[in-house]
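Below you'll find the structure, written out as structure tokens, and then a few comments.
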Amino acid sequence: MDSDKDKKQQKKWYILDGHSVSLLIVLLVAIAFYAALNHIEEIRSGLSIFMGVLQPFVVGFAIAYLLNTPVCFFERRVYKDNRFRHVLSIVTVYVIALGVLVVLLNLIIPQVIQSVTDLAVNIDYYLKGLNDLVQTLTKRFQLEGEGITDVIGSYQDLMKSITGAVSKALPEIFDSVIAVGSGLISAITAVISSIYMLAGKDRLVMQLKKILYAVLPKHRSDRLLEICSHANGIFVGFINGKLLDSAIIGVLCFVLCVVIRIPYAVLVAIVVGVTNIIPFFGPIVGAIPCLMILVIVDPWAALRFLVLVIALQQFDGNILGPKILGDSTGLSAIWVLVAIVVGGGLFGFPGMVLGVPTFAVLYALMREWVNKRLKAKGIDGNGKPRNPDNKTESEEE
């Protein structure tokens with residue numbers, strides 16, 4: 001009897017010790033959180049320095065992730081019977097990427113610089129022409145001239161300030177990009193690290209798996225690897241598809257701009273192609289600055305460009321985009337909109353691009369968890385008794 005009493009007493013002390021440890025952990029976390037709030041600037045500065053050191057490797061990972069798909073293609077299709085197929089695939093992809101980059105820089109950058117310079121030099125002439133057109137239309141259609149004149153004056157001041165700032169900053173930007181040695185060293189480091197990541201990706205993956213199985217239970221490790229595989233499929237399909245889609249839209253926009261005689265076709269096509277990477281809002285984001293430029297250069301060309309952008313948006317949204325991307329995310333339009341707004345608000349342009357596949361992964365995990373809970377309760381999404389043989393529509397969504 002005394003032995004049982006001692007065991008119960010000892011168990012009680014173990015429980016008290018467990019509660020004490022939990023309280024101590026909570027107290028320490030609260031103290032650490034309070035200290036972090038009081039030294040938020042120092043922490044932010046430290047994180048900035050830390051991220052600056054890691055930036056080349058983060059960029060290298062992004063490069064390796066983007067080039068992994070073509071490397072796998074060459075490895076499986078072109079060099080499948082060669083014993084050095086992995087090395088040859090990496091060399092081939094990097095040579096192709098370097099060639100495309102050099103061609104694009106030689107073709108696009110000089111024309112973009114020339115377009116911006118011409119726009120800055122001729123801004124007064126273009127604004128005078130816009131003002132004359134507005135005055136003519138005001139007199140012909142007997143419009144209220146004072147309000148329109150105020151709006152045009154404000155618009156002219158805005159465009160003068162923007163073009164002036166761009167024209168002054170453009171040479172400094174390109175000079176700094178070329179001259180800054182640290183940036184060049186970071187770029188070289190990023191490229192080299194991406195090559196090493198691609199070359200040793202199988203070994204890196206095995207090492208990560210080994211660490212994962214050593215730290216976590218096997219069933220949790222299997223589940224985490226399953227989630228990572230699903231997320232990787234969504235990200236690869238979405239990013240590669242969106243890049244291809246945007247490149248096609250950019251080239252098509254340039255060709256059509258040349259055909260219908262829209263000024264600064266290269267500059268306009270680049271803006272449209274780059275911003276088209278952003279889902280949903282991309283065409284609108286790209287059209288606004290282009291329209292602001294074209295209105296002062298040639299208002300009728302701006303009108304033609306507006307029609308062209310609407311046509312491209314419809315073609316991309318209804319034909320080209322679904323053909324390339326398919327249903328890679330599985331999100332409805334409202335969730336795509338939420339992902340873009342939240343991602344853009346938190347992380348800017350990268351958040352707008354990566355917010356959709358990230359939200360798609362979270363959405364899939366939440367849907368799976370909800371369906372499991374409903375199945376455990378024996379009901380469907382409408383609260384009715386669940387049919388064990390068939391999935392209901394609410395469970396699939």
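The values are calculated or read from the model by the stated rules, or taken from the named source; none is laboratory data. Since the model is a prediction, treat every value here as computed from it, not as a measurement. Cβ sites come from the backbone with ideal geometry, for glycine too, and all protein chains shown count toward neighbours. Side chains are part of the model used for accessible areas, which takes the heavy atoms of the whole protein and leaves out ligands, DNA and RNA. Shrake-Rupley method; radii C 1.70, N 1.55, O 1.52, S 1.80 Å.
Structure summary
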{"read-out": "Every pair of residues 6+ apart whose Cβ atoms lie under 6 Å, when the first sits in the range 295-324 and is closer than 13 Å to Cys253 by Cβ while the second is loosely packed, with under 15 Cβ neighbours inside 10 Å", "value": "Arg304/Ile260"}
{"read-out": "Filtered residues of the range 55-96 (kept if hydrophobic (A, V, I, L, M, F, W, C), within 24 Å of the chain's Cα centre (by Cα) and closer than 17 Å to Asn240 by Cα)", "value": "Val59, Phe61, Ala62, Ile63, Ala64, Leu66, Leu67, Val71, Cys72, Phe73, Val93, Ile96"}
{"read-out": "Test: residue in the range 261-276 that is part of a helix (DSSP H, G or I), out of contact with any Ser or Thr (no Cβ under 8 Å at 6 or more places or on another chain), surrounded by fewer than 18 Cβ atoms within 10 Å (Cβ to Cβ) and among the aliphatic types (A, V, I, L, M)", "value": "no"}
{"read-out": "Top-ranked residue of the range 254-276 - restricted to ones that are over 27 Å from the mean Cα position of the chain (by Cα) and without any contact (Cβ under 8 Å) to a residue 40 or more places away in the chain, ranked as farthest from Leu107 (Cα to Cα)", "value": "Val259"}
{"read-out": "Residue check for Ser221: open to solvent by less than 20 Å² (accessible area, probe 1.4 Å), within 26 Å of the chain's Cα centre (by Cα) and among the hydroxyl-bearing types (Ser, Thr, Tyr)", "value": "no"}
{"read-out": "Residues (touching a helix residue (DSSP H, G or I) at 6+ places or on another chain (Cβ under 7 Å) and open to solvent by 40 Å² or more (accessible area, probe 1.4 Å)) located in the range 42-65", "value": "Ile43, Gln55, Phe57, Val59, Phe61, Ile63"}
{"read-out": "Single unsatisfied condition, Phe33 versus (1) under 30 Å from Ala187 (Cα atoms); (2) at pLDDT below 85; (3) not β-branched (Val, Ile, Thr)", "value": "(1)"}
{"read-out": "Top-ranked residue of the range 66-76 - restricted to ones that are open to solvent by less than 50 Å² (accessible area, probe 1.4 Å) and among the aliphatic types (A, V, I, L, M), ranked as farthest from Ala199 (Cα to Cα)", "value": "Leu67"}
{"read-out": "Matching residues, the range 285-294, being in contact (Cβ under 8 Å) with a residue 12 or more places away in the chain and over 16 Å from Lys242 (Cα atoms)", "value": "Ala287, Pro289, Cys290, Leu291, Met292, Ile293, Leu294"}
{"read-out": "Among the candidates Val112, Val71, Val95, residue that is at pLDDT 85 or above and in contact with a Leu (Cβ under 9 Å, 6 or more places away or on another chain)", "value": "Val71"}
{"read-out": "Looking only at the range 278-330, and only at residues there that are open to solvent by less than 60 Å² (accessible area, probe 1.4 Å) and of a type in the set (Asp, Glu), the one that is modelled with the lowest pLDDT", "value": "Asp298"}
